[in-house]
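The values are calculated or read from the model by the stated rules, or taken from the named source; none is laboratory data. All of these numbers come straight from a predicted model, not from anything done at the bench. As a convention, Cβ positions derive from the backbone with ideal geometry for all residues, glycine included, and neighbour counts pool all protein chains shown. Only protein heavy atoms, including side chains, enter the accessible area calculation; ligands, DNA and RNA are left aside. Shrake-Rupley method; radii C 1.70, N 1.55, O 1.52, S 1.80 Å.
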Amino acid sequence: MTSLPRNLLCLIFLGGIASSISFTNYVERENVISWCTTSKEEQRKCQHLSMVVERDYRDFRDDFLQVQCKQAFNKDDCMTLLDEEKAHITLVDAGEVFVGGRYHSLVPIMQERLIGGQKFYYAVAVVKRGTLLDVSHISHLRGKSACFAGVGTQAGWVLPVYNMMQFGGMQVIDCNNHVKSTINFFGPSCAVNSLIDKYNPIGDNSDRLCELCTGKVPGGKCTNADPYAGFEGAFRCLVEKGDIAFLKHTTVAEMTSTSFDFSGVKKDNFELLCMDGTRRAIDDYRSCNWGPVQSHAIVTTSAKTVETRRTYQNFLMRVVQLYGRRNSTGPFNPQDPFSNPANRDQFNNDPFYNNNFNQSGGPPPLPDPYRPYNQPPPGNYDPRRPIKRQARDTDKPKEKRQIPALPPRQTSYDPQDQFYTGPSNDEYRPPARHEEFDLFHSAPRYGLHRNLLLNDNVEDLIALDETFQNYESYLGPALKQILGVRQCPVNRMTLCVTSKPEMDKCVKMRTALKAQLLKPEMVCTKGHSHIDCMEQIRAGKADVAVLDASDVYTGGVRYDLVPFISEVYNLGQPEYYVVAVAKEQDPTTELTFLKGKYTCHTGMSTAAGWVIPMAYLMSNGWIRSYGCDSVRTAAEYFGKSCIPGALSSEYNTGVPYDNMCDLCHGTSSSYCRRDASEDFYGFTGALRCLVEGGGDVAFVKHTTIAEVSDGKRDEWWARNALSGDFELLCPDGRRMNPQDYKNCNLGKAKANAIVTRGGEGYNETEISAYINLFIYAQQFYGRRDTDEFSFSLFYSQPPYSDLIFQDATQQLYVLNYTQQHYAKYLGKDFLRARRIVDCHAGASSLTTGAFAIVISTTIALLISHS
């Protein structure tokens, strides 16, 4: 038998080792569940759970998973970790289920069932007994100091804000930031996370909702580390500083039932504030509440397979069976309609829950096949022995998993932990062999915080069916309330564009804005020209359009349009330099003598491509003006040109000259069009005309060369272009490098601006909403990102450029009220330039002046004859 070569044997041996290591890593990953925590106390409880699960791993049988604990700063960080699959599960409230599903692709897999069998609790408003006597209606809470559990929580934020907006007179200050509305309504308050990026995206929230918070700076005040964070913290805030707190209906009883939270504070010291302004005792929450809230849920990433989610569910149910110490039936009170079995349906849901949580199209409640409500536990019930259940159609047979050898214990579970805040150190120790672990008990075992990992008033976890593992189905009608706090007085904004490429970008922009729930909703419409868009805006068929400075003039004079936002490039102001560009290899072209030259323009009646260069040439006498007929001037002076729009009656009201489009590159109906369908339209198109179309000079803005050259674009005509291949033509006949645009230019022009209706159609509320939308759009999508899966306001997909917004835009600048007029925005110099090149510009003022001269002459003659 021929022996194998030694090298081959080594390869086989190494391959076997690699396969073994790979399989081992796979098994370890498959049998691990990472629980994300948000505090030292919760981390300790999680580590305790990890150790008892490790100790009792044989009791889990096929459902065993090794528990790892990963601490994050807050729930938002946990959601990010889950989204990135650096952690697997965490517990969130109903409001956070929405945030996790909407922004992090998380799905609920388990729902808490509270003591008594409910899968919901009530949001209540609590005040100190005998206070706020001037409040007889919830609208009278204006200016009061409020304590919220945290921005985004359902009972501690969403329902109070929603109800105040609907019934309490809270005005919508910012369509895309309901925190500002709350700031405007309440006085100094505490709502943790009101200053984080998610709820303060453009960074202009005031700190009013943090003034009552008591955490240490930095990092501790108005964050999840603040002592006033969560429902416990909101109650503490009420006791010590606030006028009103928005809590769960169980919070007051929980916080006053023990001595380690508050001494001398009793439940009778507080009362409920009802929606109608009346007061009730704390126990009357069923008739005095601000709405029901779905119980908390355990979420994981939607990237996990159905089988993996089922593995998590089986493990968590086994954890409840082993370490959930409560009787599943809960306490029985025949006077309580919510705990009396006679008042429950077969799914153990009370009538209020059915009538209020499912009549608006929400999912019907699911029966619990793992522990049926209508069957009592067996008399010899052992929590360590799984309860038999009926097979379901969704159950799939699975292969028995091999339980791997247990890894070393987590050494971070340290009884000398300096952050431990429990009553005494002797109570803080690793579990003994037969020590009990109570899943639904937190304080004071792990510190003074309650509701760690799960809520303490929970009796079971309900596995959610796959069809309900999404935030919409889980929340049901509560989703209306969550979206309701994001309402806007202006429903939509219609943006008018002029070409198919711009329409495509507009649709992507609409999708991107909708993904961030930005309001008002944006709608796209296409006009056949910028003039058509102006007409649509005046007629109310469209609301906004992005126009060149010269079009801003036309829109203002002819259609009563007003600019309200402008672009800013690299000058820090909404303006740019107009430059004349020639090829470095062509030394014969001079600005002072362009007779017979081939010229490239951005478009007919555009600021940089027409108005300013033509006004400059005509006013200095370097070109015959024919009065104010710049079209005839250009046609007879230049040899050939590409002036998109020169053949359109909308922009050229005089005689059309064919040579003004001879250099244009468009085909069929796109030929010489004044939009992106013409290859030589716009700033980049004019420079392309110079490079590819045989032009001698191009009139563009000062940033155009830098945008196109030195490898900035991949198109064949631009990929080899260097900035050194071009030179600027100066008014004094010299030439300069493109970087010297400040010393070699034809003047400044105002940047492109967004316009809307003015005159009788001016609506300040609408303009404020439009401004708000664009500013938030800039915040989310202002980054220049060329990723095909991302959207950027200031990026155009090649081969196009400057779609809707200029690609050179660095930010959007909001014009104040005094600048929201075309004349104020454009300035006197541009108005004069426009009158030089346009016979129709300022016609009304010229007529008025002529009439005044006639009247003055007549009066003088009458006086002389008398």
Query raised in the report: So which strands (runs of 3 or more DSSP E) stay within region 706-767 end to end and still have 1 or more residues that are buried (at least 18 other Cβ atoms within 10 Å of the Cβ) and of a type in the set (S, T, N, Q)?
Result: 753-757
Query - Test: ALA545 is crowded, with 24+ Cβ neighbours inside 10 Å and more than 46 Å from the chain's Cα centre (by Cα) - result: no
Query raised in the report: Which of the residues spanning region 642-662 are within 49 Å of the chain's Cα centre (by Cα) and farther than 25 Å from ASP532 by Cα?
Result: ASP662
Query raised in the report: How many residues are within 20 Å of PHE186 (Cα to Cα) and either outside the structural domain of PHE246 (by the TED database) or not hydroxyl-bearing (Ser, Thr, Tyr) (or both) if we restrict to region 203-221?
Result: 11
Query raised in the report: Among the residues of region 139-160, is any within 19 Å of the chain's Cα centre (by Cα), without any contact (Cβ under 8 Å) to a residue 40 or more places away in the chain and farther than 30 Å from LEU464 by Cβ?
Result: no
Query - Answer residue from region 559-572, given it is surrounded by fewer than 20 Cβ atoms within 10 Å (Cβ to Cβ) and in contact (Cβ under 8 Å) with a residue 40 or more places away in the chain and is farthest from GLY758 (Cα to Cα) among those - result: ASN570
Requested in this report: Name the one entry in VAL126, VAL107, VAL97 that is open to solvent by less than 10 Å² (accessible area, probe 1.4 Å), hydrophobic (A, V, I, L, M, F, W, C) and assigned to a strand (DSSP E or B).
Outcome: VAL126
Query raised in the report: Would region 566-588 turn up any residue that is farther than 23 Å from ALA706 by Cα and hydrophobic (A, V, I, L, M, F, W, C)?
Result: no
Query raised in the report: In this structure, does ILE89 turn out to be open to solvent by less than 20 Å² (accessible area, probe 1.4 Å) and in the same structural domain as SER473 (by the TED database)?
Result: yes
Query raised in the report: Within region 77-97, is even one residue free of Cβ contacts under 8 Å to residues at least 12 places away in the same chain and more than 23 Å from LEU483 (Cα to Cα)?
Result: yes
**Report entry** Qualifying residue in region 50-57 (condition: aliphatic (A, V, I, L, M), modelled with pLDDT of 95 or more and either open to solvent by 10 Å² or more (accessible area, probe 1.4 Å) or in a strand (DSSP E or B) (or both))
**Finding:** no
Query raised in the report: Can you tell me which of LYS505, LYS500, LYS526 is surrounded by 23 or more Cβ atoms within 10 Å (Cβ to Cβ) and not aliphatic (A, V, I, L, M)?
Result: LYS505
Query raised in the report: With (1) surrounded by fewer than 21 Cβ atoms within 10 Å (Cβ to Cβ); (2) in a loop (DSSP other than H, G, I, E, B) as the list, and VAL239 as the residue in question, which single condition is left unmet?
Result: (2)
Report task. Scan region 720-757 residue by residue and report those that are in contact with a Pro (Cβ under 9 Å, 6 or more places away or on another chain) and closer than 30 Å to ALA542 by Cβ. Result -> LYS750, ALA751, ASN752, ALA753, ILE754, VAL755, THR756
Query raised in the report: Being under 19 Å from PHE780 (Cα atoms) and modelled with pLDDT of 95 or more, is that true of even one residue in region 179-191?
Result: yes
Report task. Quick one: in region 513-522, of everything that is open to solvent by 10 Å² or more (accessible area, probe 1.4 Å) and part of a helix (DSSP H, G or I), which residue is modelled with the highest pLDDT? Result -> LYS514
**Report entry** So GLU636, is it open to solvent by 20 Å² or more (accessible area, probe 1.4 Å), assigned by the TED database to the domain that holds THR599, assigned to a helix (DSSP H, G or I) and touching a Lys or Arg at 6+ places or on another chain (Cβ under 9 Å)
**Finding:** yes
Report task. Examine region 604-619 for a residue that is surrounded by fewer than 20 Cβ atoms within 10 Å (Cβ to Cβ) and either among the acidic types (Asp, Glu) or not in a helix (DSSP H, G or I) (or both), and state whether such a residue exists. Result -> no
Requested in this report: Could you run through region 588-610 and say how many residues are touching a residue at least 40 places away in the same chain (Cβ under 8 Å) and over 40 Å from the mean Cα position of the chain (by Cα)?
Outcome: 11
Requested in this report: Determine the pairs where a residue that is part of a helix (DSSP H, G or I), located within region 251-264, has a partner that is open to solvent by 40 Å² or more (accessible area, probe 1.4 Å) and acidic (Asp, Glu) with Cβ atoms under 9 Å apart, the partner being 6 or more residues away or on another chain.
Outcome: ALA253/ASP283; THR256/ASP268
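Per-residue answers, yes or no, for (1) open to solvent by less than 50 Å² (accessible area, probe 1.4 Å); (2) over 21 Å from ALA718 (Cα atoms):
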| residue | (1), (2) |
| --- | --- |
| PHE789 | no, yes |
| PHE794 | yes, no |
| LEU803 | yes, no |
| GLN810 | no, yes |
| ASN816 | no, yes |
| LEU826 | yes, yes |
Query raised in the report: Only one of (1) at pLDDT 95 or above; (2) charged (D, E, K, R); (3) open to solvent by 60 Å² or more (accessible area, probe 1.4 Å) fails for GLU112. Which number is that?
Result: (3)
Report summary line: Taking region 663-705 and the residues there that are farther than 21 Å from TYR637 by Cα and among the acidic types (Asp, Glu), the one that is surrounded by the fewest Cβ atoms within 10 Å (Cβ to Cβ) would be GLU692
